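One structure is given here, and the rest of the page talks about it.
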Amino acid sequence: MATAVSSAETLSELEALAYSEDSSKTTQLAALVASKVHFHCNDSHSALTLALKAGDMFDLDERSDYTQTVISAAIDQYIELRKDADINSASDDSNPYKDIVERLVKQSIGNKQSHEKIIGIALESKRLDILESVLAVGDSSVLLPYMQSKCLNFVKSHSFRTEIFKLIYKAQKSAKVSPDSIIQCLVKLDQPKECAKFLLDLIRSQEENDTLVAYQLAFDISDNVPESFTHHVSQSLGELKSDIKQEGAVSSEAISSAIDKLREILSGDISRHLNLHFLSHENNVDIKILENTLKTWGTNNSVSNNAICLENAFMHAGTTDDQFMRNNSQWLQNCSQWVKFSVIASLGLLHRNHTTKALELLQPYLPSDSREERPYEEAGAFFALGLICADHHDESVTKYLNNSLSMINSISASNDQRNVEILYHGLCLGIGTAYIGNNTEVPSDTSSEGSDPTPSTEAEAVAYKLYDVLQTDSAVAGQAAAIGIGLCMIGSADISMVETLIDYAVDTDHEKIIRGIASSIALIMFGLQDEADSIIERLCEKDDPYLRLAGAQTIAMAYCGTGDNNAVRRLLHLAVSDVNDDVRRAAATGLGFLFLQQPEYIPRMVQLLSDSFNPHVRYGAALALGITCAGTGSPEAISILEPMLKDSSDFVRQGVMISLALILIQQNEVVNPKVDQIRKVYSDVISDRYSDNLSKFGAAVSQGIIDMGGRNMTIQLISKWKNLRQNACAGMFLFTQMWSWFPLSHFISLALVPTGVIGVNKSLQPPKLKISCKGKKELFAYPPKIETAKKESRINLTLTQLSTTKAKSRSAKKADSKAKAKNDDLMELDTPTAPASLTARSAYSNEQSGEASGSTKQTKTQSNAFAIDNMTRVLNSQEEYIEWSKNSRYLPVISGRSSGIVVLADTSPNDPESLINTVILTEAPPPEPFEYPFPSDE
């Protein structure tokens, strides 16, 4: 420091020498000394500028605060200037910080150290050449997974991410990496044909278990990527199979058989059957909760009937259990009109994925010539068909829905228009849901009529049929038709359709239609990021508030999961400055979709919005927390929402309760003690006769959400491969539109996934086996049911005692306490049980990490471990504790698998197997035919 002070006296001379055109060592030394003087005088900018003039005299290896600060500042400035650079160009001579960065990279590559740090710099500065250089000298088996992970989490540019994955895939061909990493790369590159070839290479491989690895990868593709990609992989495998048959080799039959299994897996049939069996047999719904809601709230109004309908649908989603509806015929008789529509539509949730029996299950409610028209039931059945087959294209169902649309078009002129628009409503929602994400190409001989552009897929062709329904200008039918168009064309970026919808929204006077169009435009632009900017700008500048609403929703969908700063800024601006409450609410809610990949940021982002004077902004902020933190049990989010339960606005309280339910899905009181408190809030609100209907509605729906799918399902908007689950995001987005139309609540079913482990053998059948879980059992247990809780908390009645009896009782108690104290000195204390607090998991971790010692540690570890059966619930938080014993007969073909469908290698293939009593290739039998006792439609 003394040197710096003395040098400061001649600083002007040093700077003059440093900035001279002379490039000698003396000049560089003067620049280095001047740079250090400025650094110690807290002038970091001048220190960095002069360090650049020092050239090689600036020693990158020097371990000092000065060197590290200058290097960090240079890297930051270099990245900032490279932000808009061309990814294919590394020539940035105008960038003054290039020299320090490239020296740092060259040094790291030469020393073969800090490769991860250099990869981070290359990713942020868009330098593909640096990534290639690092991969050329580093350990590919370590660097490739690291690069892939960082690319998924931090690279926002779609084009740059694609180039990175091309580079990774090129390096993977010559490196030994896990096959699932290669498949993930091909998915990111949108290369279904290459995926098919890779799977075929595994089948042809002579390595043991490679065919099973191919089966596992096929399950992963089916579960983690859009249906359109899966369809193209299956189609490519079919083409490869025909080529193999021409070879005529002895092994061609075995290969063809394996390809058939792969295609069956990719179709989703096997996954659906296994999950259906799991959800049905492991159903842990507490029916008392539903019965209490029905008993305490009653069935005297449409709000309560609708809330009970949704609560039942959410609780029993995917379980095929409709016993509650069968047992409460009186409640069903009180349902009329649109509540009746919602009740029938809820069968789509109960029987979700029961695709092969969909038409049979809903036959009593679908249109028939043998009985009178019942438009609400028939429309609800159309919608239910779509919900059952969402995510999985079923040709028989889509054909039936298309034929029904043609039939209604032909009779619309002669029938009661009121009935026709109701049928259109359910049918359009059902068609849109059935075709969501479908990318099946239109046959070559199909052509569009009139001036409409030729559709490239079946879904697009159907979308133009729905547009004809929209043009009837019926508010009820038009809203559903618009939403159906968005579902059919999700992520298609069809600008001509968007322009057509905007023009129609300007011309129509129906608010419901414009709201439907707003949602449709947002879905069409899903995931397009900056490609949607021109549409967003146009919508946000409109005077019509509902078109600005479309702009806010389009931002949320186009930038879903990106965390893009510009998109966040736009939504925040709309949330605090727009004059329309709908726009402000939608903008606040949209923040939840933007941060799906980074849930830790959302509490801080919406903290101020949750305190807004505007109740619509508060509602949106609450919903944003629920969307982003669904299933995480985030204490930060709960701490913001909990005080809002006492909000002065009834609809804000409703939104808060729903968000808390989303966050606390599959949480119990041991892991999160707030669960019991929140559940009690729900029951108290419903039982309080003075509570308003909106709050009661929110509480009832929340009870269904928190116990979703028999307590065996959760909300998942991001796949395990860190991909956006397109259909799930669309379902959650439409669920938030229940603000304007409550039947849209059913769309939340698109975001549900089972949470269990389902092991299958080489025949794709589940064997009986035991799997070890090294955690405490109470951490992952189901919440106790109401009946059990009541038995454990009986009220002890106090008996009247005489004074002499009381005196004797006190004496006896004193004697007992003295004896117990004496005995305690001679006894060892038992190991305490896990406390009902958030520290339960950390307590277990401490025991495992060695804080306990000797035999006590061994005893605790043994008592913590427990075994689970195949086809059992495994929570996301439980996966890290699942362990496959090396001595077990069955082991995963790809290590590290602990949930979902896991393909197992049999270490004793010659021994007889014991299989779980389930049929995989045929559906479980449906319940006996039953027609709910609805009153006739008015």
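The values are calculated or read from the model by the stated rules, or taken from the named source; none is laboratory data. None of these values were measured; they are calculated from a predicted model. Cβ atoms come from the backbone with ideal geometry, glycine included; neighbour counts cover every protein chain shown. Just the protein is used for accessible areas: all its heavy atoms, side chains included, with ligands, DNA and RNA removed. Shrake-Rupley method; radii C 1.70, N 1.55, O 1.52, S 1.80 Å.
Looking at LYS156 and the list (1) part of a helix (DSSP H, G or I); (2) surrounded by fewer than 23 Cβ atoms within 10 Å (Cβ to Cβ), which single condition is not satisfied?
(1)
Among the residues in the stretch 630-653, are any of a type in the set (Val, Ile, Thr), open to solvent by 10 Å² or more (accessible area, probe 1.4 Å) and more than 19 Å from SER749 (Cα to Cα)?
Yes, the conditions are met somewhere in the stretch 630-653.
Can you confirm whether LEU734 is surrounded by fewer than 23 Cβ atoms within 10 Å (Cβ to Cβ), part of a helix (DSSP H, G or I), touching a helix residue (DSSP H, G or I) at 6+ places or on another chain (Cβ under 6 Å) and touching a residue at least 12 places away in the same chain (Cβ under 8 Å)? Show your work before the answer.
Working: surrounded by fewer than 23 Cβ atoms within 10 Å (Cβ to Cβ): no; part of a helix (DSSP H, G or I): yes; touching a helix residue (DSSP H, G or I) at 6+ places or on another chain (Cβ under 6 Å): yes; touching a residue at least 12 places away in the same chain (Cβ under 8 Å): yes.
Spelling it out, it is not the case that LEU734 is surrounded by fewer than 23 Cβ atoms within 10 Å (Cβ to Cβ), part of a helix (DSSP H, G or I), touching a helix residue (DSSP H, G or I) at 6+ places or on another chain (Cβ under 6 Å) and touching a residue at least 12 places away in the same chain (Cβ under 8 Å).
In the stretch 251-268, which residues are open to solvent by less than 50 Å² (accessible area, probe 1.4 Å) and either in contact (Cβ under 8 Å) with a residue 24 or more places away in the chain or part of a loop (DSSP other than H, G, I, E, B) (or both)? Step through it out loud before you land on a result.
Quick first cut of the stretch 251-268, residues open to solvent by less than 50 Å² (accessible area, probe 1.4 Å) only: 252, 255-256, 258-259, 262, 265-266, 268.
Selection gives ILE255, ALA258, ILE259, LEU262, ILE265, LEU266, GLY268.
Evaluate the following for ALA4: is it modelled with pLDDT of 85 or more and in a helix (DSSP H, G or I)?
no
From (1) under 18 Å from the mean Cα position of the chain (by Cα); (2) open to solvent by 20 Å² or more (accessible area, probe 1.4 Å), pick out the condition that doesn't hold for GLN878.
Every condition holds for GLN878 apart from (2).
Six or more apart or on different chains, Cβ under 9 Å: which pairs go from a residue in the stretch 403-419 that's outside any helix (DSSP H, G or I) to one that's modelled with pLDDT under 85 and acidic (Asp, Glu)? Could you list them?
ASN415/GLU373; ASP416/GLU373
Could you go through the stretch 39-52 and let me know if any residue there is crowded, with 18+ Cβ neighbours inside 10 Å and in contact with a Gly (Cβ under 8 Å, 6 or more places away or on another chain).
no
Suppose we keep only residues that are free of Cβ contacts under 8 Å to residues at least 40 places away in the same chain and within 30 Å of the chain's Cα centre (by Cα) within the stretch 291-314. Which one would you say is nearest to GLY709 (Cα to Cα)?
Of everything passing the filter in the stretch 291-314, CYS309 is nearest to GLY709 (Cα to Cα).
Is it the case, given these coordinates, that LEU212 is open to solvent by less than 40 Å² (accessible area, probe 1.4 Å), within 23 Å of ALA751 (Cα to Cα) and out of contact with any helix residue (DSSP H, G or I) (no Cβ under 8 Å at 6 or more places or on another chain)?
Numbers: open to solvent by less than 40 Å² (accessible area, probe 1.4 Å): yes; within 23 Å of ALA751 (Cα to Cα): no; out of contact with any helix residue (DSSP H, G or I) (no Cβ under 8 Å at 6 or more places or on another chain): yes.
So LEU212 does not fit the description; no.
Looking only at the stretch 43-69, filter to residues that are more than 20 Å from ASN111 (Cβ to Cβ) and acidic (Asp, Glu); which one of those is modelled with the highest pLDDT?
Top of the filtered list is ASP65.
Only one residue in ASP530, ASP509 is over 17 Å from LEU466 (Cβ atoms), open to solvent by 10 Å² or more (accessible area, probe 1.4 Å) and assigned to a helix (DSSP H, G or I). Which one? Even if it seems obvious, please write down each step before you answer.
Working: ASP509 fails: assigned to a helix (DSSP H, G or I).
Being over 17 Å from LEU466 (Cβ atoms), open to solvent by 10 Å² or more (accessible area, probe 1.4 Å) and assigned to a helix (DSSP H, G or I) holds for just one of ASP530, ASP509, which is ASP530.
Counting only residues that are of a type outside the set (Phe, Trp, Tyr) and modelled with pLDDT of 90 or more, which one in the stretch 449-471 is farthest from VAL397 (Cα to Cα)?
In this case the residue turns out to be GLN471.
Among LEU199, LEU237, which is the only one that is open to solvent by less than 10 Å² (accessible area, probe 1.4 Å) and in contact (Cβ under 8 Å) with a residue 60 or more places away in the chain?
The conditions single out LEU199.
For residues that are of a type outside the set (Ser, Thr, Tyr) and in a helix (DSSP H, G or I), tally how many sit in the stretch 41-79.
20
Would you list the helices (runs of 4 or more DSSP H) that sit entirely within the stretch 295-354 and hold 3 or more residues that are open to solvent by less than 10 Å² (accessible area, probe 1.4 Å), in contact with a Ser or Thr (Cβ under 8 Å, 6 or more places away or on another chain) and within 24 Å of ALA751 (Cα to Cα)?
Counting at least 3 such residues, we get 302-315, 337-350.
Could you please give the count of residues in the stretch 21-38 that are part of a helix (DSSP H, G or I) and open to solvent by 40 Å² or more (accessible area, probe 1.4 Å)?
Adding up the residues that qualify gives 5.
Any residue in the stretch 674-698 that is within 25 Å of PRO784 (Cβ to Cβ) and of a type in the set (A, V, I, L, M) sitting within a Cβ distance under 8 Å of a residue that is loosely packed, with under 15 Cβ neighbours inside 10 Å and at pLDDT below 95? List the pairs, counting only those 6 or more apart or interchain.
Within 8 Å, the pairs are ILE686/THR296.
Among the residues of the stretch 252-294, which ones are aromatic (Phe, Trp, Tyr) and in contact with a Ser or Thr (Cβ under 8 Å, 6 or more places away or on another chain)?
Selection gives nothing.
Output the residue which, of all residues in the stretch 412-442 that are β-branched (Val, Ile, Thr) and at pLDDT below 80, is nearest to the chain's Cα centre (by Cα).
At the first step, the residues of the stretch 412-442 found to be β-branched (Val, Ile, Thr) are 420, 422, 431, 433, 436, 440, 442.
Subsequent filtering for residues that are at pLDDT below 80 retains 440, 442.
Details: THR440: 25, VAL442: 30 Å.
Across the stretch 412-442, the extreme among qualifying residues is THR440.
Here are some residues: ASP76, ASP84, ASP139, ASP93. Which one is open to solvent by 50 Å² or more (accessible area, probe 1.4 Å) and modelled with pLDDT of 85 or more?
The match here is ASP76.
Among the helices (runs of 4 or more DSSP H) confined wholly to the stretch 654-729, which include 2 or more residues that are surrounded by fewer than 20 Cβ atoms within 10 Å (Cβ to Cβ) and over 21 Å from the mean Cα position of the chain (by Cα)?
Where helices (runs of 4 or more DSSP H) fall fully within the stretch 654-729 and carry at least 2 residues being surrounded by fewer than 20 Cβ atoms within 10 Å (Cβ to Cβ) and over 21 Å from the mean Cα position of the chain (by Cα), they are 674-687, 693-706.
State whether one or more residues within the stretch 395-411 are surrounded by 22 or more Cβ atoms within 10 Å (Cβ to Cβ) and within 19 Å of ASP269 (Cα to Cα).
Yes, the stretch 395-411 contains a residue that is surrounded by 22 or more Cβ atoms within 10 Å (Cβ to Cβ) and within 19 Å of ASP269 (Cα to Cα).
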